[in-house]
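*Asks:* Once you've had a glance at the structure underneath, I'll fire off some questions.
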Amino acid sequence: MHPISGPTPASAAAPSPWRQRALVPVLVSLGMLVAIISSLGAPLIPTIAAADHVSVANAQWSLTVTMLVGAVATPAMGRLGDGPHRRKVILTGLAVVLVGSLLAALPLGFACLIVGRAFQGVGMGLVPLAIATARDSVPPERARSALSTLSLTTAAGVGVGYPLTGLLAESFGMYAGFWFAVIATTVALVAAAVVLPASPPRPAHPMDIPGALLLTLGMSGLLFTLTQGEHWGWGSPRLLVLGAVSVLLLAGWVLQELRTAHPLVELRLVRDRTVFAAHLTTMMGGVGMYLLISLVTRYVQTPSGAGYGFGASVVVTGLVLVPFSVGSLVAGRVVRILVRSQPPVRMLPVSCLLSFAALLSFVLAHDRLWEVFVTMALAGLGVGVNFAVTPGLVVGAVPAHETGSAMSFNQVVKYIGYSTGSALSAVILQAATTSGDGLPPESGYRTAGLTGCAVWAATAVVAYVLTRSGARRTSAVRGGRPAPAGVNGPVPDGGDLLRNTGAEQ
């Protein structure tokens, strides 16, 4: 494993003190911007369906397409960011997000909205680049705080984006939230241009174009298969062929990454059991997060005349997500205390069980609005524990020059989870809806919730099995046996990246 490395002499031309002080806030603001933009679609899905005369399942693509593009763009941006062009990649990414926000904000129809949301998905690749920048350009004692905070912003920002979207939509119309994204992205672009340091002097490597194409086609095909299953029929030959081809493309992507000299994602780094467990629980965290969020936002907006739901406004729907963000922030604080006495890997199964409890709570108790608030708080705790722990586990296990790629892969599996959870919620509810009815029965929500519970129970078991050996190794190091040496010195145990992280906040 490898410690966080601070600024190196090679990066010399030290920035002015005020730029150094402003760097971490700007990096965190990038993460918050990404979280807000990624959440802009969900509360508006019923509104988009009505305004653009499309089905709710099709309107769900205003959320899913952002996650899909994020999953595909993130590894490419991470690999470019590990070379000498990180600053250019970040600024270019922000510029693409700005164009996408403008397209989504213009009332040019559903197709233009989807294209704009796809462009906004490019911004999701900024988080691992921000994490890599923090590792390279921030002193180690402050980098630990920045890593944890940057990871948590992807969850905490949802609680800002949802109510903000609702408030703007109710006050100024459906497109107001996207105009806010235009303004926020412009400010972030200017701040990043002023504050970001020069890229580290590392060699440039050729982009893995075949890998990028295989990942794009494979992921797109799988998600399209999932969303079209009910429409085409789950036994439809064309659906089965599309699913099989998509799986083959993703298998080809894995082979390409393993054999090429400069892969899009260094998959060999995933062989470590703890890192694999971190990626697995991150992906399932994404599935559970957006499965539950999509279910809850639709449920609370359903008119009570349907026999369930609260007929809530878009503003109230957004406020339902605030406990999720509060829970994730509380989880981050709790994790920093617990890792002083417990190996961080033990938090991964705990995060799965908390998320399981959240979905079970939704299944059993959703007749009152306060019960939904409790459900979202539990979900925030589960996702927050996972997102607070995984950066330290992953970054502590890879060389500094692979940070961008390694964290990009972590973000990729997270966005795969996001897009899968978003699409899965629409598929289950659509399957439960009787032909000719506009709304699914309440039993459809229970089915979706129980599906999420089953997934979380299985993930908790797998995470526990994978992390048992990691916990024992960490305990052995703490017990006095020498830790293995890293490239640049002693190896941190993952918890070193999280302890005392509240000092800078």
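*Asks:* What is the spin-label model distance, in nm, from Ala198 to Val330 if the labels are put 7 Å beyond Cα along the C-beta direction?
*Replies:* Placing both labels 7 Å beyond Cα along the Cβ direction yields 4.7 nm.
*Asks:* If packing is taken as the mean number of other Cβ atoms within 10 Å per residue, what is the order of 289-302, 25-38, 181-194, 429-442, highest first?
*Replies:* 289-302, 25-38, 181-194, 429-442
*Asks:* Show me, for the stretch 308-313, the HN-Hα J-couplings you get by feeding each phi into the Karplus relation (A = 6.51, B = -1.76, C = 1.60, θ = phi - 60°), rounded to Hz, glycine and proline as x.
*Replies:* 7, x, 10, x, 6, 6
*Asks:* Go through Thr47, Thr375 and list them by solvent-accessible area, largest first, probe radius 1.4 Å. It would help to have the intermediate numbers written out before the result.
*Replies:* Numbers: Thr47 50, Thr375 0 Å².
Of Thr47, Thr375, the descending order of accessible area is Thr47, Thr375.
*Asks:* Taking the alpha-carbon centroid of each part, what is the distance from the stretch 63-118 to the stretch 22-62 in angstrom?
*Replies:* Using only Cα atoms to place each centre, the spacing works out to 12 Å.
*Asks:* May I pose another question? Multiplying the sequence separation of Arg446 and Leu106 by 0.36 nm and subtracting their Cα-Cα distance, what value in nm do you get?
*Replies:* Values: separation 340, 0.36 × 340 = 122.40 nm, distance 3.70 nm.
Between Arg446 and Leu106, full extension yields 118.7 nm more.
*Asks:* Arrange the peptides 415-425, 270-280 so that the one whose residues have, on average, the most other Cβ atoms within 10 Å appears first.
*Replies:* On the way: 415-425: 27.3, 270-280: 20.2.
The peptides rank, most packed first, as 415-425, 270-280.
*Asks:* Could you look at the stretch 259-314 and say what percent of its accessible area is carbon and sulfur, using a 1.4 Å probe and all protein chains?
*Replies:* Details: 1010 of 1900 Å².
For the stretch 259-314, the apolar C and S fraction of the accessible surface comes to 53 percent.
*Asks:* Short version: what are the Cα gyration tensor semi-axes of the stretch 214-258, square root of 5 times each eigenvalue, largest first, in whole Å? It would help to have the intermediate numbers written out before the result.
*Replies:* Working: eigenvalues 99, 17, 5 Å².
After scaling each eigenvalue by five and taking roots: 22, 9, 5 Å.
*Asks:* Kindly provide the Kirkwood hydrodynamic radius of the stretch 243-343 in Å, to one decimal, from all pairs of distinct alpha carbon atoms. Before the final figure, lay out the partial values.
*Replies:* Values: mean 1/r = 0.0562 Å⁻¹.
Taking the inverse mean of 1/r over all distinct Cα pairs, the stretch 243-343 comes out at 17.8 Å.
*Asks:* Something else about it: For the stretch 332-374, I need the span (max minus min coordinate) of the C-alpha atoms along each principal axis, in Å, sorted largest to smallest.
*Replies:* So the extents along the principal axes, rounded to whole Å, are 40, 18, 10.
*Asks:* Excluding Thr281 itself, what net charge comes from residues whose Cβ is under 13 Å from its Cβ, given Lys and Arg +1 and Asp and Glu -1? Intermediate values should be presented prior to the final figure.
*Replies:* Details: positive: Arg273, Arg346, Lys414; negative: none.
Surrounding charge for Thr281 is +3.
*Asks:* How much length would be gained if the chain were fully extended between Leu364 and Ala431, taking 0.36 nm per residue of separation minus their Cα-Cα distance, in nm to one decimal? Could the numbers behind the result be given before it?
*Replies:* Values: separation 67, 0.36 × 67 = 24.12 nm, distance 2.10 nm.
Full-extension gain reported as 22.0 nm.
*Asks:* Could you do me a favour and compute the accessible area per residue for the stretch 204-326, 1.4 Å probe, result in Å²?
*Replies:* Numbers: 5120 Å² over 123 residues.
I get 42 Å² per residue for the stretch 204-326.
*Asks:* What ranking do 314-323, 256-265, 210-219, 231-240 get when scored by the average of other Cβ atoms within 10 Å per residue, highest first? Don't jump to the answer; show the numbers that get you there.
*Replies:* On the way: 314-323: 22.5, 256-265: 16.8, 210-219: 19.8, 231-240: 12.6.
Going by the mean number of other Cβ atoms within 10 Å, highest first, we get 314-323, 210-219, 256-265, 231-240.
*Asks:* With a ≥ b ≥ c taken as the square roots of the eigenvalues of the C-alpha gyration tensor of the stretch 166-296, please select rounded if a/c is under 1.5 and otherwise prolate if a/b is larger than b/c or oblate if it is not?
*Replies:* Oblate.
*Asks:* Report the net charge of residues surrounding Leu267, where surrounding means a beta-carbon distance below 11 angstrom and charges are Lys +1, Arg +1, Asp -1, Glu -1.
*Replies:* +1
*Asks:* Shifting gears a bit: Please work out the FRET efficiency for the pair Val115 and Ile183, using the Cβ-Cβ distance as r and a Förster radius of 30 Å; give the result to the nearest 0.05.
*Replies:* On the way: r = 20 Å, r/R0 = 0.67.
FRET efficiency, Val115 to Ile183: 0.90.
*Asks:* Please state, to two decimals, what the Cα-based radius of gyration of the stretch 273-405 comes to when divided by 2.2 N^0.38 Å (N = residues).
*Replies:* Working: Rg = 16.7 Å, N = 133, 2.2 N^0.38 = 14.1 Å.
Normalised Cα radius of gyration, the stretch 273-405: 1.18.
The values are calculated or read from the model by the stated rules, or taken from the named source; none is laboratory data. Worth saying up front: this structure is predicted, and the values here are computed from it rather than measured. Counting neighbours? That spans all protein chains shown, and the Cβs are built from the backbone with ideal geometry, glycine included. To get the accessible areas, we keep the full protein, side chains included, count just its heavy atoms, and leave off ligands, DNA and RNA. Shrake-Rupley method; radii C 1.70, N 1.55, O 1.52, S 1.80 Å.
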